[in-house]
1. Give, in nm to one decimal, the length gained when the segment between residue 115 and residue 100 is fully stretched (0.36 nm per residue of separation minus the Cα-Cα distance).
2. Strictly over 23 Å apart at the Cα level, which of 30/78; 76/100; 16/54; 54/108; 26/71; 29/82 would you flag in this model?
3. What is the distance in Å between the Cα centroid of the range 54-89 and that of the range 98-112?
4. Return 86, 31, 107 ranked ascending by Cβ neighbour count within 10 Å, so the fewest neighbours appear first.
5. Out of residues 5 or more away from residue 49 or on other chains, whose amide H comes under 5 Å of its own, with H placed 1.01 Å from N in the peptide plane?
Amino acid sequence: MNEIFNKIKFLLKKPKVVVINEGDPKIIKKFISQILGSHFKVEKEVLIAGSGEKVNLSNLRYLVLNFDNEKIREVKEKTQAKIFTFGLKEGADLRATDIKINGGANFKVDYKGNIVPIWLDKPFGNEQIYAVLSAVAVGIIFDLNLVEISQALMGLTSAP
């Protein structure tokens with residue numbers, strides 16, 4: 001019953017930003033909250049959806065998509081919102097490069113030629129890197145710079 005209520009609530013919300021990514025929405029929300037801090041109400045400003053969820057794409061300002069997932073990438077054809085992509089592959093607006101996972105994770109984030117390192121504590125893996133990238137994209141949309149975002153994420157773990 002709670003799941004049905006959440007889906008109805010999800011369809012009725014009119015957020016400014018919708019993030020469509022694979023993975024655990026709680027982890028993505030945690031990273032976004034860590035980056036945005038208390039300046040924004042994540043649940044009102046940002047909506048996080050999985051690749052199979054139905055999303056109201058009208059009246060959006062931004063749609064943040066996992067570029068590496070072809071099914072998710074196709075969603076951009078269904079909206080007039082500004083599209084912001086993230087991923088590991090060439091062609092994404094925001095990319096993670098030089099990934100090293102050894103208990104924790106460190107990698108570089110490249111956005112329009114601006115590159116900053118991200119250091120994260122354990123446990124970490126590729127799924128969480130995508131969650132971090134989606135959160136970084138949201139931070140950029142809300143006019144934070146990459147250095148501020150990197151500093152906000154320092155020492156963060158993947159546990160919700």
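1. Details: separation 15, 0.36 × 15 = 5.40 nm, distance 1.58 nm.
Additional length available on full extension: 3.8 nm.
2. Violating the 23 Å Cα-Cα cut-off are 30/78; 76/100; 54/108.
3. A separation of 23 Å, based on Cα centres.
4. So the residues, fewest neighbours to most, are 107, 31, 86.
5. The list, which skips near neighbours in sequence, is 19, 20, 21.
Each value in this text was obtained by applying a stated rule to the coordinates, not by laboratory testing. Keep in mind that what you see is a predicted model, and the values were worked out from it rather than measured. Cβ coordinates were reconstructed from backbone atoms using ideal geometry, including for glycine residues, and neighbour counts include every protein chain displayed.
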